1. For ALA751, what residues show an amide H to amide H distance below 5 Å, using hydrogens built from the backbone and excluding near sequence neighbours?
2. Could you tell me which of rounded, prolate or oblate describes the stretch 706-823, using a ≥ b ≥ c as the square roots of the eigenvalues of the alpha-carbon gyration tensor, with rounded for a/c under 1.5 and, failing that, prolate when a/b is larger than b/c and oblate otherwise?
3. Which of the GluC sites (Glu not before Pro) found in the stretch 34-131 are loop residues per DSSP with 11 or fewer other Cβ atoms within 10 Å of their Cβ?
4. Using DSSP to define loop residues, name the chymotrypsin sites (Phe, Trp or Tyr not before Pro) in the stretch 290-390 whose beta-carbon has at most 13 other beta-carbon atoms within 10 Å.
5. If the stretch 901-947 were replaced by its equivalent ellipsoid, with semi-axes equal to the square roots of 5 times the Cα gyration tensor eigenvalues, what would those be, largest first, whole Å?
6. Ranking ILE252, ILE785 by Cβ neighbours within 10 Å, fewest first, what do you get?
7. Applying the Karplus parametrisation 6.51 cos²θ - 1.76 cosθ + 1.60 with θ = phi - 60° to the phi angles of the stretch 818-831, what ³J(HN,Hα) value in whole Hz is obtained for each residue in order, glycine and proline being reported as x?
8. Once you have all Cα-Cα distances for the stretch 828-946, histogram them in 10 Å bins from zero and send the whole-percent values.
Amino acid sequence: MLNFFRRGGRSQGSDSKYFSSTSRGEVKELATSLSSSKPEDIKEAVKKVIAAMTVGKDMSSLVPSVVKCMHAENLEVKKLVYLYLINYAKSNPDMTLMAVNSFVKDTSNINPLIRALAIRTMGCIRVERITEHLCSPLRKALADEDPYVRKTAAMCVAKLYDIDPTITRDQGFLEVLVDLTSDPVPIVVANAVAALMEVQETTTRVIFDINTETLTRLLAALKDCSEWGQVVILDALSTYVPANAREAETVIERISPWLAHQNPAVVLNSVKAIVLMMDSLESKDTISALCAKLAAPLVTLAQSTHPEIQYVALRNISLVVQRYPGILSSKVRVFFCKYNEPIYVKMEKLEVLVRLANASNVESVLMELREYAQEVDVEYVRRAVRTIGRLAIKLDKAAPNCIRLLLQLIKDKTPGGGGDSEAAAAAAGGGSGTDQNYLVQEAVIVIKDIFRRYPGHYEGVIGTLCEHLGSLDEPEAKAAFVWIIGEYADRIDGAADLLEDFLDSFLEEPAQVQLALLTAVVKCYLKDPEGSDGIVQSVLQMATEESDNPDLRDRGYIYWRLLAADPDAARAVVLAEKPVVTDDTNAVPESMLTDMLAQIATLSSVYHKLPEAFVRRVRRPGEFDDEDDDEDDDEDEGEDEDEGDAAGAGAAAAAGAAATSMDFLGVSPAPAPAAAAASAPADDLGDLFGAGPAEASPAPATPSSPAVSAPVLGASNGITFRAAVVRSAGGQPELHVAITNEHASGTPFTAAAVRANRNPFGLAPTSAVATFSPAVATGATGVAIVPLSVDGSKADASKPLGALQVAVREESTRVSATGTVAMSYAALIGAAGPLERQSYLSAFRAAADSEQGQTLRAPGLGDREAVKARLAAAGVAFVAQRAADGKVMCYYSASGASPAGEGLGATVVLVEVTHKDGVDAARICARSSAGQELAKAAAAGVASILE
């Protein structure tokens, strides 16, 4: 807004007078000036109005006077008037309607700048009554002869969609927008793509599907666009899934020149597109060559003279090297920190160094980290020490050197230990002694993790650590040292005495130290009962009788009862073998990494969070995702008007259904709490709050679904999520979502957002929201069912066949859970009939190499007819049988999902079940043209049916 006053070569001071007016009655004077017949007076008055509006003064009373100025021929005045109307349209919608005719008139102006300005302003005025008048001018502008008007109109479609998706769809603007991607002017293509991508982000329905023809047009427009147009097109190209490796190589070759662009945004979007398309490549040599090609632009960005660009580049590099660790391993020196870099850049460089470190470069990295650990910045030193520990955990061959370096640093930081660090600290105004203990304490924490990674190694350093026991004052360091004493109590002389030193201040210690001390004392007692009998009694008594911490009391009681009832059981629990730790600090989970790579060059890549975790895209009721939503919504709306209060619960369910169009995790409005059931009269509401006696309602019955007994997907804030993939009676796979409501709010749950990650079969929920009917009351468990369909674009052959990663979020509380659902192939079997015998025989022989089998023992397997009936009910059709050597081989066929995402029933599975008379066991073998992995999954699926 302020920049407008600085255009035209005028100095900033020439317009400062507009911001310094403090006269009383200013608004009246401006109203008079706005009605002047002199264009110069009108121009000055409009500038003063905008200046006053900019500094926060209320100028809304001047709407009628300002609207009259829209007829001015001066382009500068028009811009200012439009700016004013955009600002006050929401608070004065009725007054803004006065300007509609002027807007429509300006869309037909001979000057293309005015036509574009009018269209852009109408799109920015977020008043639904204005949008009714926008459609006709917008359609005309989309076909305007001037490319500037067309590119402005393209962005206006995205704004209109955000205001009213239904009108945008009904008027066919989305189709026109797709047609504009073939416009001969590159800037129009770029804006059309930008608008389509923005619309696509707010819906699960495919709006912009890039096919081969569109791909060719976008690649052609890429070279003639502005740099920001190139960013948009490259972002769109990154969503394209090549048909094969050859096409992927071709597209990558066309994109590669933009790796050398001077704009970092263009470079990062090029990197994103190439990295995502590398998933389609098959040749390892090609992938290695591309990694080498990507290294140079990434190094250039990491060495930028602008620290902000450096930081963004480093955050993105951290994602790329997780997928391709060797891409920058030879460039590790690029990521060494410089003394004058901001601390946030240094910290991120340390993170990248951990990712890039390997056996060939770890020595140089450790030498560099030693220098960092002698700096005066406390947090920087801590991070450097922790990085040394992470390298020890990551690289077992480097662990001895890491331990030696940590011990040397401890020695250097110890008063009297010598080294340059004391001099550096003194020069910085710091002292020795306790002022330098932060390094020692961080080293203790790190060494504890190294002990966990390499149990039975490096215990020789414990003596050195014990020398510094008195200098530990931070909770995490104390807890780490106490853990070491407890874990190695049988190898430390006087371990009980060391632990006893902490008991005097036990009740004053932080909870973290108390819990560690309690466990360490119990470990010490189990390893040396005679030498630590006194301290275990003391610490258990303090934990259970004198502590206010419920966690500490509970653990104390558990240990006490274990020791009293069964010392051997206590030993098995407390001294159990622990899992080996790995370094996954700040690592993006593999299940999320592909989605994160698709967010390179966005804010999401800086946060290392998916957009759904921090962005809410609220959609209006007119949004759509399914073809038949409109008719259903119309019917529901009519019913709601007729039924009044009794439809409260139905309205809540409808709100959940409307959320189907919302993106998952943070993008849909929370549904209103369910009202009373229709059968409960309004007069009974008082009874619910204790106003009068009422009979207790029976507890709701737990629904029957495999999801109810499935493993817990996640639990938080009193809400437990479970999920299961189940085959429906019609042969359609379904996702059953079970929620147990023990939330403190007491609100019944009506809907949950669901999302499935990429998987081998391309399974995806047909609806983004699962609706619970009836609502899940407090203390109850409810199940919602969402059919699954096949979306080839979501197929990922690298994922395991027997698992489906899902995320669920309860909409009213916004509590969410993510996890992996075990998926039996039995749920993916269709309802096709049996194969003809000749076809079966041919297919059976052709797939001989894929045969996989397993033996199953279960009651009833000796009854062949019962087995046939159970398999038939599950979609596995009987074909033939034969007997030999006291065994009966029964042959079955089924049509199942393809691991290539080709659809349900796309793969034929052949099953052989071998029975032996009088034995409740069977040998199940499966074959498939899709290979051994699918055959193995099919055999396991058939076994699950018969178990």
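Quick note: the coordinates plus some simple rules give every number you see, no bench work behind them. The model shown is predicted, which means the values in this text are computed figures rather than measured ones. Virtual Cβ from ideal backbone geometry, glycine too; neighbours counted across all protein chains shown.
1. PHE772, GLU811, SER812
2. Taking the square roots of the gyration eigenvalues as a ≥ b ≥ c, the stretch 706-823 is prolate.
3. GLU73
4. Numbers: sites: TYR311, PHE335, PHE336, TYR339, TYR344, TYR372, TYR380; in loops: PHE336, TYR339.
Within the stretch 290-390, the qualifying chymotrypsin sites (Phe, Trp or Tyr not before Pro) (loop, at most 13 other Cβ atoms within 10 Å) are TYR339.
5. With the √(5λ) rule applied to the stretch 901-947, the semi-axes are 24, 10, 8 Å.
6. Details: ILE252 21, ILE785 18.
Going from sparsest to densest Cβ surroundings: ILE785, ILE252.
7. Karplus-based 3J(HN,Hα) across the stretch 818-831 equals 10, x, 10, 9, 5, 10, 7, 5, 4, 6, 10, 8, x, 10 Hz.
8. Final binned percentages: 15, 50, 30, 4, 0.
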